[in-house]
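Peer 1: The structure's right below; bear with me while I get my questions together.
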Amino acid sequence: MSAALGCGADGPVLTPRADGAVYADGAPVPSDGARVDRDGAIALPDGDVVAPDGGGPIDTDGAVGPTEFCGRSWSAATLLESAAGDVLAYGPRVAGSAGTGGLAATWIQHDGDAFAPWSNRFAGGSWSGATRIAPTPDGALDARIGVDSSGRAVAAWVQEGATSSNRQMWASRFDPSSGWSAAQQLVTPAVVAANPELGIAADGTAVVAWEGRVAAFGRGDLWAARLTPSSGWQSAVLVEHEDSDAVGYPRVGLDAAGIATVAWHQPDASTQYRGWASRDDGTSSWSTPVIVDTSPVAPLRLRVQYPRVAVDDSGAAIVVWTQRDPVDVAVTYAYASRRPAGSSAWGTPIELGLGSDPVVALSADGRGVVAWREFVEARTRVARLHLVAYDPASGFGTVATIVDGVAAIDGPAVAIHASGAIVVWSEQAGTMMDLRASCLAGGSGTWSAPAALESNDLGEAVSPSVAIDGTGRAAAVWAQTDGSQRSVWGAVLE
């Protein structure tokens with residue numbers, strides 16, 4: 001079920017038949033015989049319809065099939081997790097290989113006894129099937145995954161202990177020829193782990209960063225552990241140890257040489273929340289943390305929140321964050337700062353626009369995309385979705401608003417490749433949250449009209465994640481309820 005169809009700024013774009021043939025009412029005949037009605041809907045030869053808003057072919061039962069998208073097709077939504085019994089699965093993440101190693105997803109799923117990390121790989125044209133990475137008798141949460149250029153993967157998660165004060169960082173390695181290794185604990189039991197993030201380089205070098213507390217509700221420090229493919233995991237080390245207040249939500253990225261940059265939020269000596277960053281030296285030695293945001297304005301607290309970092313192959317990095325207005329703390333802005341390759345200094349922060357929760361992705365050659373959401377009416381939750389591209393030669397481009405006036409937005413998530421960029425998010429449609437995607441085709445400068453990736457109106461689609469592998473193939477994953485249980489779903493763009 002496929003039309004000669006691409007995706008333009010105003011919705012579907014057809015490739016007309018070479019002889020210029022038209023239907024009796026003047027609508028053009030595309031090269032594969034699909035029919036375009038006057039309202040812009042496209043009737044395919046098998047009787048299915050493509051909606052004019054860029055959504056996928058809609059069958060008579062209402063299911064959305066393969067969605068044409070920037071000249072390629074999203075597959076139908078596929079159930080990624082084991083559907084046996086009363087499944088509860090959440091927190092999906094997906095990662096793409098820098099080469100031809102495919103894509104891999106991870107999530108947390110109840111296996112009948114406890115929550116455990118699971119995975120599913122897309123390679124050779126199909127999903128391999130859900131696999132439990134490791135048994136976790138007391139439970140697990142916050143699974144993360146990365147894939148190297150050959151398809152080897154690394155997963156890390158927080159593993160529950162007998163009490164809440166004994167949550168530890170664990171990890172496992174995947175080899176396509178042998179599967180997942182036995183799980184390995186990354187740090188001593190004295191440290192209580194939370195909010196991990198994982199970055200990986202093309203050669204399989206990986207770094208996991210997380211909050212580590214010395215007691216269940218003590219102040220958190222920032223920890224990291226490095227994986228060298230030839231020798232395994234090194235001992236976890238402190239990236240910072242500032243006792244003024246706790247670290248929050250670290251994020252990490254690696255360049256082509258395996259050098260890691262980590263960003264997080266934390267109060268400074270004056271108790272103002274700031275955005276911080278540090279870089280290692282390719283071993284386990286980290287630079288002195290530096291502040292990346294603008295100077296604080298007393299007496300604001302929580303002024304900077306949720307920094308996110310992306311690193312290109314050369315080591316250039318961009319950090320984005322949410323920053324509160326110095327006068328009206330109910331108003332927030334999305335900010336960004338860039339560190340050039342070979343430099344330790346972060347540039348002057350740039351205000352991208354009103355909004356919060358920005359996310360960033362960089363391609364190997366340094367091109368980037370940032371997405372963030374804005375709540376126009378905080379009480380009524382009227383929301384917008386903004387996007388901006390970054391070019392190393394010219395900087396940030398013009399902000400595009402591709403969603404305006406919906407009741408709520410969850411996400412977004414972004415990925416970028418030489419073939420273009422993709423953003424996925426869920427937005428409220430009636431009483432449900434539906435998954436949407438838009439693309440920026442390489443060199444086009446225009447974001448496509450949003451396309452629907454699923455049409456399950458039994459429950460909300462939330463927690464989207466997206467990745468692109470070295471071949472340009474992309475995968476989106478998300479969690480969704482069906483009225484009785486929460487499952488993990490995925491779709492692939494080829």
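Peer 1: For ASP325 and ASP245 in one chain, what is 0.36 nm times their gap in residues minus the Cα-Cα distance, to one decimal in nm?
Peer 2: Length gained between ASP325 and ASP245: 26.6 nm.
Peer 1: What nm value, rounded to one decimal, do you get for the distance between SER177 and THR131 when each label is placed 7 Å out toward the C-beta?
Peer 2: So the two model labels end up 1.4 nm from each other.
Peer 1: Can you give the local net charge around GLU160? Use residues other than it whose beta-carbon is closer than 13 angstrom to its beta-carbon, Lys and Arg +1, Asp and Glu -1.
Peer 2: -2
Peer 1: Further question on the same structure: Could you sort the peptides 194-201, 403-410, 421-428 by per-residue average Cβ neighbour count (10 Å cutoff), highest mean leading? Before the final figure, lay out the partial values.
Peer 2: Working: 194-201: 23.6, 403-410: 16.8, 421-428: 25.4.
So the peptides 194-201, 403-410, 421-428, ranked by packing, come out 421-428, 194-201, 403-410.
Peer 1: What's the ranking of 352-361, 102-111 by average number of surrounding C-beta atoms within 10 Å, highest first?
Peer 2: Sorting 352-361, 102-111 by mean packing, highest first, produces 102-111, 352-361.
Peer 1: Moving on. Where does the charge balance sit around ALA316 when Lys and Arg score +1, Asp and Glu -1, over other residues with C-beta under 13 Å from its C-beta?
Peer 2: Working: positive: ARG279, ARG338, ARG339, ARG367; negative: ASP255, ASP312, ASP313, ASP365, ASP391.
With Lys, Arg at +1 and Asp, Glu at -1, the net is -1.
Peer 1: Using 0.36 nm per residue, how much length does the chain from GLN428 to ASP482 gain when fully extended, once their Cα-Cα distance is taken away?
Peer 2: Here the segment from GLN428 to ASP482 would lengthen by 17.8 nm.
Peer 1: How charged is the neighbourhood of TRP223? Take every other residue with its Cβ under 11 Å from the Cβ of TRP223, and add Lys/Arg as +1 and Asp/Glu as -1.
Peer 2: Spelling it out: positives minus negatives among the neighbours equals -2.
Peer 1: At a 10 Å Cβ-Cβ cut-off, how would you order PHE115, PHE396, fewest neighbours first?
Peer 2: PHE396, PHE115
We did not get these values from a lab; they are worked out from the coordinates using the rules stated. Treat the numbers as computed from the prediction; the structure is a model and nothing was measured. Neighbour counts are summed over all protein chains in view; Cβ atoms, including those assigned to glycine, are modelled from backbone coordinates with ideal geometry.
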